[in-house]
Amino acid sequence: MAKGLFVTGTGTDVGKTYVTALIVKKLREAGLNAGYYKAALRGAERVDDRLVPGDAEFVRRTAGIAGDPSESVSRIYEHAYSPHLAAKIEGGPLRMETVREDFRLLSERYDPLTVEGSGGIVCPISFGEGERLMLADIVRGLGLPAVVVSGSGLGAINAAVLTVGYMRAHGMVPRAVIMNGWVPGGIIEEDNRMMIEELTGLPVAAAVERGADDIGIGAAELLKLYGGEIR
């Protein structure tokens, strides 16, 4: 199976999709057949009675992956709610068996494969109907290491430390933090970076400025987070 990396965030709208797109783009620019997968996507736009998975479309367009973006997502929901609530309203709760199979199929086409989470790490994917599935179950079930996308401004320390602590306490393996919305030379941002590294024991692998079109680190360094190297 392909090498994989899970991208989670310290919360909703922290820039997880944006950072994921830059990661996959960098790997593909280095000549790797990098791919993208997201188990549950909510807030899809309905166009001509078809749900368009905006996050997957953005990542694939940014990274230069051709084809239908829907193939990168197991469940697409229209309501911009937590996936478990969207599933209760729209039907189609996600099962771990489906996640494993879809990940396996994409792993046969792409290597490495970057998996984007939904919301923050404490996100219910399916709850109250059949199998209870949390985002953490997906990370553990796929056996993937993870990176945490955090903001760079006020509150970043608390959010990053709590996220990393929760992940470790629940059997996940965070390998690095990537700070988004970075302001070069900003006194808060620079101190936040230092404190996040000190309090989590993880490196801040990249600091991404607003509007950046590059992740800011080399593909070889990125691939180490997946547990591999460029040959």
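Only one entry of Val149, Val173 meets the criterion of being surrounded by fewer than 21 Cβ atoms within 10 Å (Cβ to Cβ), under 15 Å from the mean Cα position of the chain (by Cα) and touching a residue at least 12 places away in the same chain (Cβ under 8 Å), and that entry is Val173. Going by the conditions given, is Ala206 within 15 Å of Val14 (Cα to Cα), open to solvent by less than 20 Å² (accessible area, probe 1.4 Å) and of a type in the set (A, V, I, L, M, F, W, C)? When the stated conditions are applied, Ala206 passes them.
Scan segment 107-115 and tell me whether some residue there is over 21 Å from Tyr77 (Cβ atoms), open to solvent by less than 30 Å² (accessible area, probe 1.4 Å), at pLDDT 95 or above and more than 17 Å from the chain's Cα centre (by Cα). No, because not a single residue in segment 107-115 is over 21 Å from Tyr77 (Cβ atoms), open to solvent by less than 30 Å² (accessible area, probe 1.4 Å), at pLDDT 95 or above and more than 17 Å from the chain's Cα centre (by Cα). Of all residues in segment 76-94, those that are within 17 Å of the chain's Cα centre (by Cα) and part of a helix (DSSP H, G or I) total 1.
Of all residues in segment 118-134, which are at pLDDT 95 or above and of a type in the set (A, V, I, L, M, F, W, C)? Of everything in segment 118-134, those that are at pLDDT 95 or above and of a type in the set (A, V, I, L, M, F, W, C) turn out to be Ile121, Val122, Cys123, Ile125, Leu133, Met134. Residues of segment 124-138 that are open to solvent by 10 Å² or more (accessible area, probe 1.4 Å) and not aliphatic (A, V, I, L, M): Pro124, Phe127, Gly128, Glu129, Gly130, Glu131, Arg132, Asp137.
Residues being within 19 Å of Ser107 (Cα to Cα), touching a residue at least 12 places away in the same chain (Cβ under 8 Å) and among the acidic types (Asp, Glu) are represented in segment 46-67 by at least one member.
The values are calculated or read from the model by the stated rules, or taken from the named source; none is laboratory data. Computed from a predicted model, the values in this text were never measured in an experiment. Neighbour counts are summed over all protein chains in view; Cβ atoms, including those assigned to glycine, are modelled from backbone coordinates with ideal geometry. These area figures cover heavy atoms from the full protein model, side chains too; ligands, DNA and RNA do not enter into them. Shrake-Rupley method; radii C 1.70, N 1.55, O 1.52, S 1.80 Å.
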